[in-house]
Amino acid sequence: MSGENNHETVLREAAVNALNIRSDGIYADLTFGRGGHSNEILQRLGPAGRLIALDKDPQAVAVGQQWQDPRFTICHSGFDQVSAQLDRLGVGMLDGVLMDLGVSSPQLDEASRGFSFRFDAPLDMRMNTTSGLTAAEWLAQVTETELREVLWAYGEERNARRIAAAIVAQQARVPITHTQQLAHLVAAVMPGRDTGQNPATRTFQAIRIHINRELEELSLTLPLVADRLSAGGRLVVIAFHSLEDRLVKRFMRQRSSPPPMPAKLPLRADQIPAPGMKLIGRAVRPSEAEVAKNPRARSAVMRTIEMAKS
Ligand SMILES: C[S@@+](CC[C@H](N)C(=O)[O-])C[C@H]1O[C@@H](n2cnc3c(N)ncnc32)[C@H](O)[C@@H]1O
């Protein structure tokens, strides 16, 4: 089956509202996908505004390259390379940055990308299909200990030990090359409680996060973009699972707290340095109506932080 080439944008209006767009500002959309948020940003920018978009998936970039708008530039790049991309384009400070994390619907729905156990396809799972190991290549060389750690850390999979042992044992007999081969193997070793979720869900999530270095790249990128925001500039992040959201929440909390001072320093309240950034509102989740229309929105959590104005 070949997938739809569209992505239902999550929190489209809310995320772009949170950016507080200035019509002549410079913005970055670090996760272009199919351009739902980028399109909304461009609608709110005037002729002097500018939008730089990044995506590590060449299929996403190919969509952006079709856009004919002099205010818009798209780069094939991991977002952890954002500083180099901005330097290359001669862009200094930014008025706002959006990150809508995780995978896009075309990635999940196109069988050949190998992200989903819903279709049988080569086990790839790379967002950037031009570099790095595919999931099948990684499984062919991983040790049982490393696999167990990945399943536990990135899938919070309670049966990590049992699944890792089964995969490594199977690998010694027949290479695991296809999505459903992996899904069936996991299902066969899981204790038989029916949670309504495919038994391989957490295994697939964990392998995908590892293959794409999702959490490492996110932790590298948050400080890079925060340091690139001009006064009043905002960072808006939409996360789709608790591991991602925990990282975003911690980072934003740390940047919006006063810097740590020696405990016994005799300081008056007005001598305590102000935090560099301020949280804007609370975490935002999609409405029931949005989730009913787009079930993939159900786990989204959006957080916003703003660079101090002076
Ligand atoms: C949820 S989709 C974004 C959808 C987009 N906001 C829209 O409305 O169409 C996430 C996108 O981010 C990209 N992506 C994820 N991690 C990335 C990274 N570390 N660097 C660059 N792009 C990344 C994925 O390839 C995917 O296209």
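Here, each number is a calculation from the coordinates, and none is a lab measurement. Everything numeric in this text was worked out from a predicted model, so none of it was measured. So basically every Cβ, Gly included, is an ideal-geometry build from the backbone, and we count neighbours across all protein chains shown.
Observations, loosely collected:
- The chain - convex hull of alpha carbons, volume per residue in Å³: 162
- Value of [θ]222 nm, deg cm²/dmol, for the chain, DSSP H segments ≥ 4, -39500 (n - 2.57) each, nearest 500: -12000 deg cm²/dmol
- Scattering profile of the range 161-310 at q = 0.21 Å⁻¹ [log10 I(q)/I(0), Debye over alpha-carbon scatterers]: -1.29
- Computed over the range 196-268, Kirkwood Rh from alpha-carbon pairs, angstrom: 15.1
- Charge tally in the Cβ shell below 13 Å around Q205, where Lys, Arg are +1 and Asp, Glu are -1, Q205 excluded: -2
- Under 11 Å, Cβ to Cβ, from M127 - net charge with Lys/Arg +1 and Asp/Glu -1: 0
- All other residues whose Cβ lies under 14 angstrom from that of A140 are scored, Lys and Arg at +1 and Asp and Glu at -1, for a net of -3.
- Under 26 Å from K56, Cα to Cα: lysines that are on another chain or at least 8 residues apart: K249
- From largest to smallest, the equivalent ellipsoid semi-axes obtained for the range 129-211 from the alpha-carbon gyration tensor read 19, 14, 13 Å.
- Listed residue (N17, M277, S242) projecting farthest to the positive dipole end of the chain, Cβ model: M277
- Taking only Cα atoms of the range 89-247, radius of gyration then Dmax in Å: 17.7, 59
- FRET E, pair K309, D24, Förster distance 25 Å, beta-carbon r, rounded to 0.05: 0.90
- Based on C-alpha pairs under 8 angstrom that are at least 6 apart in sequence, the range 129-211 has a relative contact order of 41 percent.
- For peptides 210-221, 94-105, sequence by mean Cβ density within 10 Å, most packed first: 94-105, 210-221
- Length added when fully stretched, Q65-N294, from 0.36 nm per residue minus Cα-Cα: 79.8 nm
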